[in-house]
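What follows is calculated from the coordinates using simple rules that are stated; it is not laboratory data. Treat the numbers as computed from the prediction; the structure is a model and nothing was measured. Here the Cβ positions follow ideal geometry from the backbone for every residue, glycine too, while neighbour counts run over all protein chains shown.
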Amino acid sequence: MPDIQPGDILGELRVPVTRFDVVRYSGASTDFNEIHFSDRRAKAIGLPGVLAHGMWTMGAGLKLVTDWAGDPGRVTRYRVRFTRPVVVPDTDEGTEVVYTGTVTDVVDGLATVNLTATCENAEVLGAARAEVRID
Amino acid sequence: MRAAFWRLSATKLHPMPITPEHAGRTYPPAPAYRVSRAKIAEFAVALKDDNPAYFNEAPIAPPTFAAVIAAQAWGALFGDDELGLALSRTVHADQVFDFHRPLREGDDVTAQLTIEKVRVRGNLDMVTIHVALSVDGEPVCDARSTLMHTKEAADA
């Protein structure tokens, strides 16, 4: 990957998410926690309603990095903090998570990318960072 | 004899909570997980990620697929009666993956969980776990999760 510099911007990735998508991730990941399909169960533990999986929010955002890097096998490290839940209303539109990425460091053939993820203008991931081999 | 029996029962009904001394505890690995082409494709579609690397003739898995396999090892932690942890009172606070190589179709992946760190703050337990994923003894991914666990009121 030629000419990667700190400050390079990876652009923006907008990922819509509906109840259908949350159910599909439950099946694909085999995480069948009821807060991901039952408003009743979610509200019983003080949540506003059905949530997207934190691991979905983490995984879907990595597409911004792997599309930029070309080969997903170049990712050597990925970390996030789950700061706020992504609440998914039972509507046709659902909601949307918006990701951005910026290269912050290039050292020894490894680029560090800082990611942001917001939903309804609130940060849903904190300290999200991926390291990618660029040699 | 009777006293010993009573203590055993009490331990089962009111388990001692998890403490910092549990750091270092390791569980036997979960049965090996076979990575399949169909599951890779299903997972990539669920992430809305159409990268050809996930759909070609020799696909690799999306990096965060490691969490699906790591989660198979979580059962040992929540099944450890001594710790008194309940999945329904647990929130995933952060996640770190160190990837050594991509997971591929046909890999038989072993996942072994170790408790790395425990911090107790009143009613809250912050538990950092490390799940080591390996294929034929070769490390493929280290997945670390910090779990925030709320004790039951009776334990507080």
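A DSSP coil position with no more than 14 other Cβ atoms inside 10 Å describes the following GluC sites (Glu not before Pro) in the stretch B:93-156: B:E152. Here the spin labels are modelled as points 7 Å beyond Cα on the Cα-Cβ line, and at B:H100 and B:K117 they lie 2.2 nm apart. Each label point was placed 7 Å from the Cα along the Cα-to-Cβ direction; for A:M1 and A:V98 their separation is 2.4 nm.
If R₀ is 30 angstrom, what is the calculated FRET efficiency for the pair A:T118 and B:A32, using the beta carbon separation as r and rounding to 0.05? Please list the in-between numbers first.
On the way: r = 39 Å, r/R0 = 1.29.
E(calc), rounded to 0.05, equals 0.20.
Can you give the charge dipole size of the protein assembly as shown about its Cα centre, rounded to the nearest 20 debye, using +1 on the beta carbon of Lys and Arg and -1 on the beta carbon of Asp and Glu? Working shown, then result.
Numbers: 30 positive and 39 negative charges, 233 e Å.
Its charge dipole is roughly 1120 debye.
Once the Cβ-Cβ distance between A:T30 and A:L110 is put in as r, and R0 is 35 Å, what FRET efficiency do you end up with, to the nearest 0.05? That gives a FRET efficiency of 0.60.
Relative to the Cα centre, the charge distribution of the stretch A:9-133, modelled as +1 at Lys and Arg Cβ and -1 at Asp and Glu Cβ, gives a dipole magnitude of about 360 debye.
Summing +1 for each Lys or Arg and -1 for each Asp or Glu among the other residues whose beta-carbon sits under 10 angstrom from that of A:Y78 gives +1.
FRET efficiency for the pair B:N56 and B:M148, taken as 1/(1 + (r/R0)^6) with r the Cβ-Cβ distance and R0 = 51 Å, rounds to 0.85. Relative to the longest principal axis of the Cα atoms of chain A, the long axis of helix A:54-69 lies at roughly 30 degrees. Looking at chain B, the pairs of alpha carbons with a distance over 22 Å make up 49% of the total.
To the nearest 10 degrees, how steeply does helix A:19-29 sit against the main Cα axis of chain A, on a 0 to 90 scale? That works out to roughly 70 degrees.
Centre-to-centre separation between the Cα atoms of the stretch A:1-27 and those of the stretch B:46-122: 20 Å. Cα-based values for chain A, radius of gyration first and Dmax second, are 16.1, 52 Å. For the protein assembly as shown, place one equal point scatterer on every Cα, skip the solvent, and apply the Debye formula. What is log10 of I(q)/I(0) at q = 0.16 Å⁻¹? Normalising to I(0) and taking log10 leaves -1.37. With 0.36 nm allotted per residue and the present C-alpha distance subtracted, the A:R77-A:F20 stretch has 17.6 nm of extension available.
Here the spin labels are modelled as points 7 Å beyond Cα on the Cα-Cβ line, and at A:R41 and B:F78 they lie 1.0 nm apart. In chain B, the longest principal axis of the Cα atoms and the axis of helix B:2-13 are about 40 degrees apart. In the protein assembly as shown, the DSSP-assigned H stretches of four residues or longer account for a calculated mean residue ellipticity at 222 nm of -6500 deg cm²/dmol, using -39500 (n - 2.57) per stretch and the full residue count as denominator.
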